[in-house]
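Just passing along the structure, written as structure tokens.
The values are calculated or read from the model by the stated rules, or taken from the named source; none is laboratory data. The model shown is predicted, which means the values in this text are computed figures rather than measured ones. Here the Cβ positions follow ideal geometry from the backbone for every residue, glycine too, while neighbour counts run over all protein chains shown. Ligands, DNA and RNA are excluded from the accessible area calculation, which covers all protein heavy atoms including side chains. Shrake-Rupley method; radii C 1.70, N 1.55, O 1.52, S 1.80 Å.
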Amino acid sequence: MKAILFIWIAAFLFTSNLSARQWQDEDLDGVPDLKDACASTVALQRVDARGCSVLQANTQQIQQLNIMPTLCFITDVGQLYPSSCNQASSIAVRFEFAKSQVSMSQQGAFQNLSRWLSATRVPLALVGHTDSVGKDSVNQPLSLARAEQVKNILVEQFGFAENRFQIKGMGSHHPIASNQTDYGRKLNRRVEFIVIVQ
């Protein structure tokens, strides 16, 4: 009986402590630290729902504008977009061998691309590729599945319209590096972006 009582008390204390930590508010702005995007505001300062003061929110917006990526893509008619570009950007989403799942290491590419997409409003073709290992009967659907995964992330996580993207799978037919080395095969496992001219 004592053991059961001890377990109950320990569970109660653990749960209470966990609950208290979830609602901890170090800067006393009314937004719990776990959800506070600006955890270092002056105590009792008026903030928005994210926990940021007007000044902090404006600073964050300016920083986001300052890091807006300047990306240049090839169009489906072989020109560069925008026309002021001199060279195509090397941005692509990379994949592990024989996989279509997007790894967390690719978030930087998605962040850059999403800011660019928000600024330009152009439609894109998402073109999937594989390395040369394996048969066409496997590589073709794998390349298409990779393009589909990238589209799903852009639509579901970043909120872009589904009809803004077309997907294509090229299999292993358009390598950008030698398939004779591990590094070359790694570069070839990608989804790249082509602007659709309307």
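Tell me yes or no: at least one residue of segment 113-134 is within 17 Å of ILE74 (Cβ to Cβ), open to solvent by 20 Å² or more (accessible area, probe 1.4 Å) and in a helix (DSSP H, G or I).
yes
Taking the condition of being closer than 13 Å to LEU117 by Cα and either open to solvent by 60 Å² or more (accessible area, probe 1.4 Å) or aliphatic (A, V, I, L, M) (or both), how many residues in segment 147-161 meet it?
Qualifying residue count for the region: 4.
Take the residues in segment 178-187 that are surrounded by fewer than 14 Cβ atoms within 10 Å (Cβ to Cβ) and not polar (S, T, N, Q); name whichever of them is nearest to the chain's Cα centre (by Cα). Quick ask: steps written out before the conclusion?
Residues of segment 178-187 that are surrounded by fewer than 14 Cβ atoms within 10 Å (Cβ to Cβ), as a first pass: 178, 180-183.
Okay, now just the ones that are also not polar (S, T, N, Q), so 182-183.
Values: ASP182: 25, TYR183: 23 Å.
Selected residue: TYR183.
Going residue by residue through segment 95-106, is there one that turns out to be part of a loop (DSSP other than H, G, I, E, B), over 12 Å from the mean Cα position of the chain (by Cα), modelled with pLDDT of 95 or more and of a type in the set (Lys, Arg)? Don't jump to the end; show me each part of the working.
Taking segment 95-106 as the starting set, the residues that turn out to be part of a loop (DSSP other than H, G, I, E, B) are 95-103.
So of that shortlist, the ones also over 12 Å from the mean Cα position of the chain (by Cα) come out as 95-101.
Then drop every residue that is not modelled with pLDDT of 95 or more, which leaves 95-101.
Subsequent filtering for residues that are of a type in the set (Lys, Arg) retains 99.
There is at least one residue in segment 95-106 that is part of a loop (DSSP other than H, G, I, E, B), over 12 Å from the mean Cα position of the chain (by Cα), modelled with pLDDT of 95 or more and of a type in the set (Lys, Arg).
It is to be established whether one or more residues within segment 149-163 are under 24 Å from ASP182 (Cβ atoms) and either modelled with pLDDT under 95 or of a type outside the set (D, E, K, R) (or both). Lay out the reasoning, then the answer.
Applying the first criterion (under 24 Å from ASP182 (Cβ atoms)) to segment 149-163 yields 149-150.
Filter again for either modelled with pLDDT under 95 or of a type outside the set (D, E, K, R) (or both), leaving 149-150.
The answer is yes, given that some residue of segment 149-163 is under 24 Å from ASP182 (Cβ atoms) and either modelled with pLDDT under 95 or of a type outside the set (D, E, K, R) (or both).
Got a sec? Which of LEU55, LEU44 is assigned to a loop (DSSP other than H, G, I, E, B), open to solvent by 100 Å² or more (accessible area, probe 1.4 Å) and at pLDDT below 80? Explain how you work it out, then say what you get.
Numbers: LEU55 fails: assigned to a loop (DSSP other than H, G, I, E, B).
Only one candidate passes the filter, namely LEU44.
I'm trying to understand the selection: among the residues of segment 77-94, which are in contact (Cβ under 8 Å) with a residue 60 or more places away in the chain and either in a strand (DSSP E or B) or open to solvent by less than 80 Å² (accessible area, probe 1.4 Å) (or both)?
Of everything in segment 77-94, those that are in contact (Cβ under 8 Å) with a residue 60 or more places away in the chain and either in a strand (DSSP E or B) or open to solvent by less than 80 Å² (accessible area, probe 1.4 Å) (or both) turn out to be TYR81, ILE91, ALA92, VAL93, ARG94.
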